[in-house]
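As structure tokens, the structure follows; a few thoughts come after it.
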Amino acid sequence: MAILFTDTDCDISADDIKKFDIKVILMPYIFDGEECYYDLTKNENTTAFFEGLRKGVSAVTSAINSQDYINYFEPYFKNNEEMLYVHFSDKMSATFEKMEVAIGELSKKYPKAKFLTFNTLSICAGSAILVVEAAKQIKDGKSIDEIVVHLKKMVSNACCLFAIEDPSFIEKGGRSNSKKSNTNVLKLKLAIGFDDSGFIKLLETKTSMNMVILDIAKRVKNNIFEQSEIRILDADAKANADKMEKEIKRLLPNSKIIRYSISPVVGTHCGPGAVCVAYFGNKRL
């Protein structure tokens, strides 16, 4: 059976990690000058982290190096395993250049092993739903080549929308493909999503989070595949996530909703108060 890897930026749930035996690559972040790693398997409380952001404590993400990747992958290369790494959008980090170097070295050393990657062109729960899709395929006995073909068919339907309470975190991170605006000065709230190229796109600006939540819930209702589950993740924003769930349930009474927290790695960029909604739909945006 193939070995499935993902990373912290994909915000897979602790339940999914355990259920499908997913290997998670921990991506570092620097919080108040200290390098930290968030273990998705432990479902740790994130309140202190987001409270720190609200108070102005500095947080940035950083990339792991080639040797880190070698440390993660080499035990499985040694056993000549089939491996698939389903990762967050390569538009969001330079870390994948380091990964390519590591895979090049390992492939030469262990030529009988097989390693493939799949770029979800998303992040957070938008990546998580594709990781779970890959895990189900592995459980059904599919090869990693077959799984990549399947994911390529699904990736343009993997929708990831964010309600952003404080736009300064998005603008500070510099990961949006949209032009910078004066949303922070005007204290506006944002609806954003990932396009088919893996870039962040601004969808709406509103004067309140309630209005953003209503906008996103309407987008979900008009776009979702009938049988798709919906993931709602929040950045220490239970009240906002509760409103999102309530509105989606009002529009889609039979929807299956999964709730958990946004990790500090993703939270560094979306900021406290944010809510992420992910599902499979007719189109990304």
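The values are calculated or read from the model by the stated rules, or taken from the named source; none is laboratory data. Quantities reported herein were computed from a predicted structural model and do not represent experimental measurements. Don't worry about glycine lacking a Cβ; one is built from the backbone with ideal geometry, like all the others, and counts go over all protein chains shown.
Go through K221, K249 for me and flag whichever is over 20 Å from I123 (Cα atoms), touching a strand residue (DSSP E or B) at 6+ places or on another chain (Cβ under 8 Å) and not in a strand (DSSP E or B).
Exactly one of K221, K249 is over 20 Å from I123 (Cα atoms), touching a strand residue (DSSP E or B) at 6+ places or on another chain (Cβ under 8 Å) and not in a strand (DSSP E or B), namely K249.
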Scan the range 135-165 for residues that are free of Cβ contacts under 8 Å to residues at least 60 places away in the same chain and buried (at least 24 other Cβ atoms within 10 Å of the Cβ) and jot them down.
none
How many residues does the range 197-212 contain that are among the small types (G, A, S) and either within 26 Å of T47 (Cβ to Cβ) or crowded, with 18+ Cβ neighbours inside 10 Å (or both)?
2
Can you name the condition, by its number, that K112 falls short on among (1) basic (K, R); (2) at pLDDT 95 or above; (3) surrounded by 14 or more Cβ atoms within 10 Å (Cβ to Cβ); (4) part of a loop (DSSP other than H, G, I, E, B)?
(3)
Please indicate, with yes or no, whether at least one residue in the range 127-134 is polar (S, T, N, Q), part of a helix (DSSP H, G or I), at negative phi and crowded, with 21+ Cβ neighbours inside 10 Å.
yes
Top-ranked residue of the range 226-260 - restricted to ones that are touching a Phe, Trp or Tyr at 6+ places or on another chain (Cβ under 9 Å) and not charged (D, E, K, R), ranked as modelled with the lowest pLDDT
Q227
When the range 25-81 is checked residue by residue, the ones that are among the basic types (K, R) and more than 24 Å from D234 (Cβ to Cβ) are K78
When the residues of the range 156-201 are filtered to those that are under 16 Å from the mean Cα position of the chain (by Cα) and of a type in the set (K, R), which remaining residue is modelled with the lowest pLDDT?
R175
Contact list, first residue from the range 36-53 and of a type outside the set (D, E), second anywhere and assigned to a loop (DSSP other than H, G, I, E, B) and exposed (fewer than 12 other Cβ atoms within 10 Å of the Cβ), beta-carbon distance below 7 Å, six or more apart or interchain, is G52/D32
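Residue-by-condition table, conditions (1) surrounded by 23 or more Cβ atoms within 10 Å (Cβ to Cβ); (2) under 23 Å from R54 (Cα atoms); (3) in contact with a helix residue (DSSP H, G or I) (Cβ under 7 Å, 6 or more places away or on another chain); (4) touching a residue at least 12 places away in the same chain (Cβ under 8 Å):
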{"position": "L214", "(1), (2), (3), (4)": "no, no, yes, yes"}
{"position": "R219", "(1), (2), (3), (4)": "no, no, no, yes"}
{"position": "Q227", "(1), (2), (3), (4)": "no, no, no, no"}
{"position": "E247", "(1), (2), (3), (4)": "no, no, yes, yes"}
{"position": "V265", "(1), (2), (3), (4)": "yes, yes, yes, yes"}
{"position": "G271", "(1), (2), (3), (4)": "yes, yes, yes, yes"}
{"position": "A274", "(1), (2), (3), (4)": "yes, yes, no, yes"}
{"position": "K283", "(1), (2), (3), (4)": "no, no, yes, yes"}
